[in-house]
Amino acid sequence: MGKVIDWSKIDKNDYLLAMERSPVKDTEIKILLQSALTDKINNREIFIKGIDNSYAYEGYTAFKLSH
């Protein structure tokens, strides 16, 4: 069964801090991502919000797919 990350369950600051530390120790990022896994792989809302969150994490606010 497939899984996808529900990015709405991941805090931006927690994610960015875990990414900074991941080259030294990747346990934190693995736990963070595993805690947000869902089997709702065909849920359009989760997919679109994931794209929106990836833009927001990178600092882009001009683009938003969901309303």
TODO: Would you please list the contacts, defined by Cβ atoms under 9 Å and residues six or more apart or on different chains, that run from a residue in region 53-67 that is within 23 Å of ASP14 (Cβ to Cβ) to a residue that is at pLDDT below 80?
DONE: SER54/TYR60; TYR55/THR61; TYR55/ALA62; TYR55/PHE63; TYR55/LYS64; TYR55/LEU65; ALA56/LYS64
Task: Residue ID - nearest to TYR60 (Cα to Cα), chosen from residues in region 12-37 that are among the acidic types (Asp, Glu) and either surrounded by fewer than 11 Cβ atoms within 10 Å (Cβ to Cβ) or over 13 Å from the mean Cα position of the chain (by Cα) (or both) - done: GLU20
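Considering only residues that are surrounded by fewer than 12 Cβ atoms within 10 Å (Cβ to Cβ) and either within 14 Å of the chain's Cα centre (by Cα) or under 13 Å from GLY2 (Cα atoms) (or both), which ones fall in region 38-51?
Result: ASP39, ILE41, ASN42, GLU45.
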Task: Where a residue in region 34-50 is modelled with pLDDT under 90 and its partner, wherever it lies, is surrounded by 12 or more Cβ atoms within 10 Å (Cβ to Cβ) and not hydroxyl-bearing (Ser, Thr, Tyr), with Cβ under 9 Å and at least six apart - done: PHE47/VAL4; LYS49/ASP6; LYS49/TRP7; GLY50/VAL4; GLY50/ILE5; GLY50/ASP6; GLY50/TRP7
Task: Total residues in region 1-33, condition touching a Lys or Arg at 6+ places or on another chain (Cβ under 6 Å) and of a type in the set (Val, Ile, Thr) - done: 0
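The values are calculated or read from the model by the stated rules, or taken from the named source; none is laboratory data. Keep in mind that what you see is a predicted model, and the values were worked out from it rather than measured. With ideal geometry, Cβ positions are generated from the backbone for all residues, glycine too; neighbour counts draw on all protein chains shown.
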